[in-house]
Amino acid sequence: MRIPFVAGNWKMNTTVSEAEKIVIEMLEKLDRIEEVEKVLCPPFVSLVSIHMMLHDSSVKLGAQNMYFETKGAYTGEISPLMLRELCEFVILGHSERRWYFGETDEIVNKKIKAALSNNLKPILCVGERLEENEAGKTEEVINRQVTEALNGIEPVSNLVIAYEPVWAIGTGKAASGEQAVATIRFIRAVVAKIWDESIALDVRILYGGSVTSTNIAEFISYPEIDGALVGGASLKADEFVSIVEQTAKIKKRIK
Ligand code: PGA
């Protein structure tokens, strides 16, 4: 039984006080929704304060990135040791990290290893670019990203994978439910091939890319889609709460 999962990725938005304000606006309502694992991923500088605000609530905290070394002379980087006092989750391999900051599959693999060996649960992001999609290379790209990310890693069921087609992120042009579920089924098959069928059935796989309160139902109505990684819409308290509420309601119905 996979517990539905919704995470908000705030990206490089919100100052500390803005982040606190959003948490105040949504916390009580989110906390009441029991059937979904809820995770907020604010910028690094807000983690300490939001960690304290979430204390005693069912809402969990995640970071948006991390370095793969635990400490040392890596100016400006944040290590798994620092994060694990504050967070349960860490987003790794987000397409903005891959394309703007040159993160390769090999780096993503090192980060996943470092997260797991430091008791952080990775949210691994994979997704094809528009030209790859149009050239019919979606499965090839996804297969490579998942296989290389998990290279040399022992099977773990506490991995979350987010399928985020790059062309759908921040564009307002979400994939269709049908497109998303096809790739998500493929991702689960790749995980089954690398590890095994039963672990693959435990790993939660999300859709991400222009998810809103208007289109969330289209995705989570498929039993194979375990939730969503939400960017822009997670910065609006009402929107995010509605996305989580709908996820709880629909998943309960189709269980
Ligand atoms: P978006 O971002 O919802 O703003 O498209 C999703 C993501 O990048 O995780």
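Only the coordinates and a few stated rules stand behind these numbers; no lab work does. Given the structure is predicted, the values throughout are model-derived calculations rather than measurements. Cβ placement follows ideal geometry from the backbone for every residue including glycine, while neighbour counts extend to all protein chains displayed.
Among the conditions (1) within 16 Å of the ligand (Cβ to nearest atom); (2) out of contact with any Phe, Trp or Tyr (no Cβ under 9 Å at 6 or more places or on another chain), N65 misses just one, which is (2).
Annotation: P223 fulfils all but one of (1) under 17 Å from I3 (Cβ atoms); (2) assigned to a helix (DSSP H, G or I); (3) touching a residue at least 24 places away in the same chain (Cβ under 8 Å); the unmet one is (2). Just give me the residues in the range 104-140 being closer than 16 Å to F89 by Cα and assigned to a loop (DSSP other than H, G, I, E, B), in sequence order. Selection gives N118, N119, L120.
Could you say which residue among T247, T212 is in contact with a helix residue (DSSP H, G or I) (Cβ under 9 Å, 6 or more places away or on another chain), without any contact (Cβ under 8 Å) to a residue 60 or more places away in the chain and either part of a helix (DSSP H, G or I) or surrounded by fewer than 24 Cβ atoms within 10 Å (Cβ to Cβ) (or both)? Break it down into steps so the answer makes sense when it comes.
Numbers: T247 fails: without any contact (Cβ under 8 Å) to a residue 60 or more places away in the chain.
Only one candidate qualifies: T212.
In the range 188-197, is there at least one residue being crowded, with 20+ Cβ neighbours inside 10 Å, aliphatic (A, V, I, L, M) and in a strand (DSSP E or B)? The answer is no; no qualifying residue exists. Of the set (1) more than 16 Å from the ligand (Cβ to nearest atom); (2) out of contact with any Asp or Glu (no Cβ under 7 Å at 6 or more places or on another chain); (3) closer than 19 Å to K111 by Cβ, all apply to A149 but (2).
Just to be sure I understand, how many residues within the range 1-34 are within 17 Å of C87 (Cβ to Cβ), touching a strand residue (DSSP E or B) at 6+ places or on another chain (Cβ under 8 Å) and among the charged types (D, E, K, R)? Counting residues in the range 1-34 that are within 17 Å of C87 (Cβ to Cβ), touching a strand residue (DSSP E or B) at 6+ places or on another chain (Cβ under 8 Å) and among the charged types (D, E, K, R) gives 0.
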